[in-house]
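Trainee: The structure follows.
The values are calculated or read from the model by the stated rules, or taken from the named source; none is laboratory data. Just so you know, these numbers come straight off a predicted model, no measurement behind them. We place every Cβ from the backbone using ideal geometry, glycine too, and count neighbours over all the protein chains shown. Note: areas computed on protein heavy atoms with side chains; ligands, DNA, RNA excluded. Shrake-Rupley method; radii C 1.70, N 1.55, O 1.52, S 1.80 Å.
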Amino acid sequence: MLTAEYKMKVAFIQLLLVSLLVARTNSFTLRSWEESYALANAVTAQMTMDEKIGIVTGTGQLNSKRRCVGETTPVSRLGIPSLCFNDGPAGVRLTKGVTGFPTGINTASTFSRRLMRARGKALGEEFRGKGIHVYLGPAMDIMRNPKAGRAWESFGPDPFLNGEGAFETITGVQSVGVQACAKHLVANNQEHWRYGLTATVDDRTMHELYYYPFLRSIEADVASMMCAYNRVNGTSSCHNADLIGPTGLIQRDGFKGYVVSDWGATHDSASDNANAGLDMEQPGDYILIGGGVFGSGLKSAVNSGKVTVTRLNEMVSRILAPYYRLGQDSGYPPVNFDSQKSDGSGSLNLNVNVRSEEHTALAREIASASAVLLKNTRKTTTGTPSGTTTSGLPLSLSRIKSIAVVGQDAKMPNLKCNDLNECNDGTMSIGWGSGSNSLQFIVPPIDAINSFVGKSATITTSLSNDLNDGVNAAKGKDVALVFVNAMSGELGFYDIVVGNQGDRNDLNLWWKGGSLVERVAAVCNNTIVVVHSVGPVDLSWSNHPNVTAVIYAGAPGEQTGPSIVDVLFGNYNPSGRLPFSISENEADYGTKIVYDSLGFPEIPYTEQLLIDYRYMDSKNIVPRFEFGYGLSYTTFAYSGLSITPSGTSQVVKFNVANTGVFAGTEIPQVYIAYPSSAGEPKRVLRGFEEVPLDVGKSSSVVITLSQRDLSIWDVQTNSWVRPSGAFTVYVGASIKDVRLTGSF
Ligand SMILES: *[C@@H]1O[C@H](CO)[C@@H](O)[C@H](O)[C@H]1NC(C)=O
Ligand SMILES: *[C@@H]1O[C@H](CO)[C@@H](O)[C@H](O)[C@H]1NC(C)=O
Ligand SMILES: *[C@@H]1O[C@H](CO)[C@@H](O)[C@H](O)[C@H]1NC(C)=O
């Protein structure tokens, strides 16, 4: 009989071994695709039919032994473990001892490839530490409409920025031997009706906008791709040969990994899916929205010749090749958690802590670097917060003696919500659904403010959105910090949060946040607003004279409090830029969410290339805050633009100088205008750089525009073609704040 004590000892020894493995084995030898396929083919050749079916079919959502959100059946005699798949894009989900990283949209807001990659690597380390083979991310769905429920998981409406976010994240994750999974292929752009809506997207729009980040993923050697719930041109993504088939988009572009279904995104017969290019079905069983297609169905299809053995072998090899390529066959930590017991209970949960001081610091840095300073009317004119001559940002505790903190968004959220974080009763640091992450270690703004300020100033709080209470707290104070939010998330069966079913109902701040700001501003002439939101939101009060500063902080993850304190009090000079335009009029965005429909709707993408700033530009609409916009506590000057050809590329060179009184980071952006015959939007983003500069320093910036950066998708020749004629180059601090112009 196993005594409790014995079991504990075993668990302890296991934990010790796993910890050692975790600590030791983040490095691996990357194999070539060729060598990886040779290994995969050799092992596939030794498998029985049932073993192959077990590799390409998930073990079942309803399987009580399932420990990750998706698994495959091991082939122990050949040394192949159960492959473990787990959510999600911003941190390991359904377990303890992990970091709640900033969201994808906040990562985009940094416009920093360095931070995008560092986040990917840190995510990879935590997934690896838990024994997870496949990180279900990054998400790279274009924010076609600002209210789209899951848009915060990806990198915004711009394909170039989204593509760089995808490329760097995948590179970071896979650098520690964890497989990434590019998702959701493709046109997965709203939550309502997602299980069957069909997006009709023309070829050029597909290539230049929705598919572009997936192309960048292939260039990052991504291990897998997830086909989406929705249909494209009438056919389910997971059996859409135009997308995933032998002559479909991803094969044409050299994708070497495997296609895995979104959970339950498979319909119709096994052969429909397998022959169209689906390599793996997850979670493997029927889950009401779909699924249960492979398994015995696939076995019959192979036995009856509807799916060839060659194709089945290919599916298995495609799945195993990335496993070998990333060295997962040697020294990989075993799965050591149980996603079905997310509270950490049960004997299968070894509760390995994969957090580290380094990861916490990185999560905090990215959160600070993604905060966008939208307004700061009382600029500081001397170089340190303590020497500030005004009461604006950054705040100085030598001048500010009374602080009001107003709004429920400043306080601790309910940590006992559910696994999907489907509540909004405290600070909003991440949306809800499978892309949500652990809030176990969240530090809300009020806690961070209290600990930073200490006894240097009095703090009065009103941590609800009660208007009168907020006014009473703010009246007569040196500064009122008002925290407001808006949230969205994933559609499930009953995921309605504050009346929003995945996609947001409107662009309003939640809990009358706009009224709260206006009421507080009426009594406090130094009202500073922090907006936590999943995307564009109504800021129509931003010109109020008593609103002296506005920070759009997005959905910054668990280090939300410390990161905003760093920005407010001058330990971090803001450098975040808007990865979308902000307008309070939804019509300004050029697209709509389809909420009401008799059955699954067809959504024609008639706006084609014109979403967000591209649409606004074409209609001469001036948003409240434009794409790429963000202020700093210092100022920067641009000079010396030169553009020179280099092979088929163009090299854009210029100088940026810090002309202000704080060290800071500028994010110069390069937009191009195509020759008008090309039929492109007026201006499109094609480059950005992160340029940290001390006071008085300057730096030369080089941004190379490749042949493809200068091309359009030509539907006649089915290729990227550079239009002939003159291109204009705009270099600036946002799409509107152009500092240098050139042409070639
Ligand atoms: C979808 O249909 C359009 C024509 O309506 C075509 O241009 C496009 O290539 C199709 N896309 C896919 C992925 O099949
Ligand atoms: C703001 O109000 C305070 C009194 O609460 C007053 O002392 C101060 O001069 C005002 N500042 C501005 C810039 O209006
Ligand atoms: C600004 O705040 C002051 C209190 O400091 C108040 O008297 C004034 O009416 C406010 N201004 C506006 C436009 O609400």
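Trainee: If you wrap a convex hull around the alpha carbons of segment 536-691, what volume per residue comes out, as a whole number of Å³?
Mentor: Working: hull volume 31.5 nm³, N = 156.
Taking the convex hull of the Cα positions in segment 536-691, it is 202 Å³ per residue.
Trainee: Something else now. Please report the relative contact order for the chain, taking Cα pairs under 8 Å with a sequence separation of at least 6, and give it as a percent rounded to a whole number.
Mentor: Details: 1939 pairs, mean separation 108.2, N = 744.
For the chain, the relative contact order is 15 percent.
Trainee: Using mean Cβ contacts within 10 Å as the protection proxy, how do 217-227, 52-62, 641-651, 89-99 order, highest first?
Mentor: For the peptides 217-227, 52-62, 641-651, 89-99, the packing ranking is 89-99, 217-227, 52-62, 641-651.
Trainee: Run through segment 406-511 and list the chymotrypsin sites (Phe, Trp or Tyr not before Pro) located in a DSSP loop whose Cβ has at most 12 other Cβ atoms within 10 Å.
Mentor: Answer in residue order: Phe493, Tyr494.
Trainee: Now for a separate question. Can you pull a Stokes-Einstein diffusion coefficient for segment 4-357 at 25 °C (0.890 mPa s), Rh from Kirkwood over Cα pairs, as a whole number of µm²/s?
Mentor: On the way: Rh = 20.2 Å.
Reported coefficient: 122 µm²/s.
Trainee: While we're here: As an exercise, use a Förster radius of 51 Å and the Cβ-Cβ distance of Phe493 and Asn655 to find the FRET efficiency, rounded to the nearest 0.05.
Mentor: Values: r = 56 Å, r/R0 = 1.09.
FRET efficiency, Phe493 to Asn655: 0.35.
Trainee: Follow-up. For segment 277-359, what value does the Rg/Rh ratio take when both radii are computed over Cα atoms and Rh is the Kirkwood radius, given to two decimals? Working shown, then result.
Mentor: Details: Rg = 18.1 Å, Rh = 16.3 Å.
Expressed as Rg/Rh, it is 1.11.
Trainee: Excluding same-chain residues fewer than 8 positions from Lys592, which lysines have a Cα within less than 19 Å of its Cα?
Mentor: Within reach: Lys147, Lys619.
Trainee: Just grab the label-to-label distance for Ser677 and Val695, each label 7 Å out from Cα along the Cβ direction, in nm (one decimal).
Mentor: Rounded to a tenth, the inter-label distance reads 5.4 nm.
Trainee: What is the set of long-range amide H partners of Glu602 at a cut-off below 5 Å, with H atoms built 1.01 Å from backbone N?
Mentor: Residues meeting the amide H criterion: Thr198.
Trainee: Follow-up question, since we're still on this one. May I ask you to compute the full-extension gain from Gln340 to Arg378, defined as 0.36 nm times their residue separation minus their alpha-carbon distance, rounded to one decimal in nm?
Mentor: Values: separation 38, 0.36 × 38 = 13.68 nm, distance 5.14 nm.
Length difference between fully extended and current span is 8.5 nm.
Trainee: Hey, another quick one. Test of understanding: what is the full-extension gain from Ser706 to Ser64, defined as 0.36 nm times their sequence separation minus their Cα-Cα distance?
Mentor: Details: separation 642, 0.36 × 642 = 231.12 nm, distance 5.07 nm.
Result for the pair: 226.0 nm of gain on full extension.
Trainee: Also: Below 8 Å, C-alpha to C-alpha, sequence gap of six or more: please give me the relative contact order for segment 371-578 in percent.
Mentor: Working: 470 pairs, mean separation 62.9, N = 208.
Averaging sequence separation for qualifying contacts and normalising by length gives 30 percent for segment 371-578.
Trainee: Still on this structure: Exactly which trypsin sites (Lys or Arg not before Pro) in segment 673-705 are in a DSSP loop and have at most 14 other Cβ atoms within 10 Å? Don't skip to the end; give the middle numbers.
Mentor: Numbers: sites: Lys682, Arg683, Arg686, Lys697; in loops: Lys682, Arg683, Lys697.
For trypsin sites (Lys or Arg not before Pro) across segment 673-705 that sit outside H, G, I, E and B with at most 14 neighbouring Cβ atoms in 10 Å, the list reads Lys697.
Trainee: Sticking with this structure for a sec: Taking H placed 1.01 Å from N in the peptide plane, check which residues at least 5 places from Gly327 or on another chain put their amide H under 5 Å from its amide H.
Mentor: Amide H neighbours of Gly327, under 5 Å, 5+ apart: Arg31.
Trainee: Now, a different point. So which trypsin sites (Lys or Arg not before Pro) in segment 211-257 are both in a DSSP loop and have at most 10 other Cβ atoms within 10 Å of their Cβ?
Mentor: Numbers: sites: Arg216, Arg231, Arg252, Lys256; in loops: Lys256.
Qualifying residues, ordered by number: none.
Trainee: Another question, if that's okay. To the nearest 10 degrees, how steeply does helix 33-45 sit against the main Cα axis of the chain, on a 0 to 90 scale?
Mentor: 40 degrees
Trainee: Further question: Which of Ala473, Ile442, Pro413 sits closest to the plus end of the dipole of segment 371-578, meaning its Cα is farthest towards the positive end, when Lys and Arg get +1 and Asp and Glu get -1 on the C-beta?
Mentor: Projecting each Cα onto the dipole axis, the largest value belongs to Ala473.
Trainee: OK, next. How far apart, in nm, are the 7 Å Cα→Cβ label points at Arg113 and Val622?
Mentor: 3.4 nm
Trainee: Write down the radius of gyration of segment 236-321 and its Dmax, each obtained from C-alpha positions, in Å.
Mentor: Both quantities, over Cα of segment 236-321: 11.9, 34 Å.
Trainee: Report the per residue volume, in Å³, of the convex hull enclosing the C-alpha atoms of segment 371-578.
Mentor: Values: hull volume 22.3 nm³, N = 208.
Spread over its residues, the Cα hull of segment 371-578 gives 107 Å³ apiece.
Trainee: Any idea what Rg and Dmax come out to for the chain if you just take the C-alpha atoms, in Å?
Mentor: 25.7, 82
Trainee: Applying the Karplus parametrisation 6.51 cos²θ - 1.76 cosθ + 1.60 with θ = phi - 60° to the phi angles of segment 290-304, what ³J(HN,Hα) value in whole Hz is obtained for each residue in order, glycine and proline being reported as x?
Mentor: In residue order, the calculated couplings are x, x, x, 9, 7, x, 5, x, 6, 4, 4, 4, 6, 4, 8 Hz.
Trainee: In addition: Return the long-range amide H neighbours of Phe688 (sequence gap of 5 or more, or a different chain), with a cut-off of under 5 Å between placed amide H atoms.
Mentor: Correct list: Val670.
Trainee: For segment 108-257, what ratio Rg/Rh do Cα atoms give with a Kirkwood hydrodynamic radius? Walk me through the numbers on the way to the answer.
Mentor: On the way: Rg = 14.5 Å, Rh = 15.2 Å.
With Rh from the inverse mean 1/r over Cα pairs, Rg/Rh is 0.96.
Trainee: Now for a separate question. Report the charge-dipole magnitude of the chain in Debye, nearest 20, computed about the Cα centre from +1 at each Lys and Arg Cβ and -1 at each Asp and Glu Cβ. Each step should come with its number before you reach the end.
Mentor: Values: 63 positive and 68 negative charges, 282 e Å.
Approximately 1360 debye in magnitude.
Trainee: Counting pairs of Cα atoms in segment 636-743, how many percent are more than 22 Å apart? Display every interim value, and only then the final one.
Mentor: Numbers: 1996 of 5778 pairs.
Every Cα pair in segment 636-743 considered, those over 22 Å come to 35 percent.
Trainee: How would you order 720-733, 557-570 from highest to lowest mean count of nearby Cβ atoms within 10 Å? Walk me through the intermediate numbers first.
Mentor: Values: 720-733: 17.0, 557-570: 26.1.
In decreasing order of mean packing, 720-733, 557-570 become 557-570, 720-733.
Trainee: Given points 7 Å out from each Cα along the Cα-Cβ axis, report the Ser356 to Ser27 separation in nanometres with one decimal.
Mentor: 1.3 nm
Trainee: Quick one: if the Förster radius is 51 Å, what FRET efficiency do Ala726 and Asn505 give, using the C-beta to C-beta distance and rounding to 0.05?
Mentor: On the way: r = 45 Å, r/R0 = 0.88.
The computed FRET efficiency comes out at 0.70.
Trainee: Where both partners of a DSSP beta bridge lie in segment 4-357, what percent of those bridges are antiparallel, to the nearest 5?
Mentor: Values: 6 of 22 bridges.
Bridges in segment 4-357 that DSSP calls antiparallel: roughly 25 percent.
Trainee: Full extension from Asn41 to Asn450: what is 0.36 nm times the residue separation minus their Cα-Cα distance, to one decimal in nm? Spell out each step's value before the answer.
Mentor: Details: separation 409, 0.36 × 409 = 147.24 nm, distance 5.94 nm.
Length gained, Asn41 through Asn450: 141.3 nm.
Trainee: Which aspartates and glutamates, on any chain, are close to Lys653 with Cα under 17 Å apart, when same-chain ones fewer than 8 places away are left out?
Mentor: List returned: Glu666, Glu689, Glu690, Asp709.
Trainee: Continuing with the same structure: Helix-derived [θ] at 222 nm for the chain: sum -39500 (n - 2.57) over DSSP H runs of at least 4, divide by residue count, nearest 500?
Mentor: Values: 18 runs with 185 residues, N = 744.
Value at 222 nm, helices only: -7500 deg cm²/dmol.
Trainee: What is the percent carbon and sulfur in the accessible area of the chain, measuring with a 1.4 Å probe over the protein chains and ignoring ligands?
Mentor: Numbers: 13220 of 25510 Å².
Carbon with sulfur: 52 percent of the solvent-accessible area.
Trainee: Taking the 0 to 90 degree range and rounding to the nearest ten, how far is the long axis of helix 159-174 tilted relative to the main principal axis of the chain, both from C-alpha atoms?
Mentor: 60 degrees
Trainee: Compare the Cα positions of Trp713, Pro692, Val652 along the charge dipole of segment 636-743 (+1 at Cβ of Lys, Arg; -1 at Cβ of Asp, Glu; about the Cα centre) and return the one farthest towards the positive end.
Mentor: My answer, from the dipole projection, is Trp713.
Trainee: In whole angstrom, note down how far apart the Cα centers of segment 143-163 and segment 474-502 are.
Mentor: Here the two parts' Cα centres lie 19 Å apart.
Trainee: Can you give me the accessible area per residue for the chain, using a 1.4 Å probe, in Å²?
Mentor: Details: 25510 Å² over 744 residues.
I get 34 Å² per residue for the chain.
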